[in-house]
1. When only Cα pairs under 8 Å and 6 or more residues apart are kept, what is the percent relative contact order across the chain?
2. How would the stretch 13-158 be classified by its alpha-carbon gyration tensor: rounded, prolate or oblate, with rounded meaning a/c under 1.5 and the a/b versus b/c comparison settling the rest?
3. Rounded, prolate or oblate for the stretch 77-174? Axes are the square roots of the Cα gyration tensor eigenvalues, ordered a ≥ b ≥ c, and the cut-off for rounded is a/c under 1.5.
4. Which whole number of Å³ per residue matches the convex hull of the alpha-carbon atoms in the chain?
5. For Cα pairs less than 8 Å apart in space and 6+ apart in sequence, what is the mean separation divided by the residue count of the stretch 88-234, i.e. the relative contact order in percent?
6. Using alpha carbon centroids, what distance separates the stretch 130-195 and the stretch 219-234, in Å?
7. Give the peptides 36-44, 238-246, 259-267 in descending order of average Cβ contacts within 10 Å, highest first.
8. Let me see the pair-distance distribution of the stretch 230-271: every alpha carbon pair, 5 Å bin width, integer percents in order.
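None of the figures in this text is laboratory data; all of them are computed from the coordinates on show. Because the structure is predicted, anything quoted here is derived from the model rather than measured. Heads up, the Cβs are rebuilt from the backbone with ideal geometry, glycines too, and the neighbour counts pull from every protein chain shown.
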Ligand code: ACM
């Protein structure tokens, strides 16, 4: 954070985890984070476990509790080093239920656990749909809202986070549709006048009988002007970084003078 408390640094790490190799994947991420100081770091969806679970039993074997799991313990340690908030995806076990979740941590503390609301395709076979509201967490004056991957398809997700005060939307992802989300996030950023940080993975997972999945990389940070301010290539470990002006994200006026949030007309919208 700068002296005027208006600028913050945002980062996203794009990776290619090996399925099921949780400790090795965590160790690899830790190496990439060495020396990093940032107000917000976003890691991909399911960044340490891998994505393409063949069935619920396999998922139960790799799912972890939010409090005390290997992944969230490592996130807590990393957040002491980066000095800011970290948002990262993991398979969350709660009794016999598993959620596709994102942990939100800062200062070594667990702040929140978001459970993916809009599951994608086969995910319905193994995960429970998220059962908690879209939420915004504040740390050192920065308000971070979280959604996961396919939530991008529902404008209501980003809009709800912004109505709840988000300056930036942290968006851990494992995207497979060709460029759809990366393009759409420019619009989500513009229509909400908010920053978005999409941390995607790259590479391929083929775990029969599931079809091979090709993840699209191209992680992206978008500004409230609807511009890509940092872009990763389609393939390759990449640490994206940008400086963000939070005053810009809190000004919802467009050049005509219209305040796009204040002038919403919810009476005319479908509930
Ligand atoms: C996705 O929601 N992981 C495509």
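1. Numbers: 655 pairs, mean separation 53.2, N = 271.
Answer for the chain is 20 percent.
2. Working: a/c = 1.72, a/b = 1.21, b/c = 1.42.
In terms of gyration-tensor shape, oblate.
3. Details: a/c = 2.15, a/b = 1.30, b/c = 1.66.
It is oblate, given that a/c is not under 1.5 and a/b is not larger than b/c.
4. On the way: hull volume 32.6 nm³, N = 271.
Dividing the Cα hull volume of the chain by its residue count gives 120 Å³.
5. Values: 313 pairs, mean separation 22.1, N = 147.
The value is 15 percent.
6. Value for the Cα centre distance between the two parts: 13 Å.
7. Details: 36-44: 25.0, 238-246: 18.3, 259-267: 9.9.
Order by mean packing, descending: 36-44, 238-246, 259-267.
8. Bin by bin from 0 Å, the calculated values are 5, 16, 14, 12, 12, 13, 11, 12, 5, 0.
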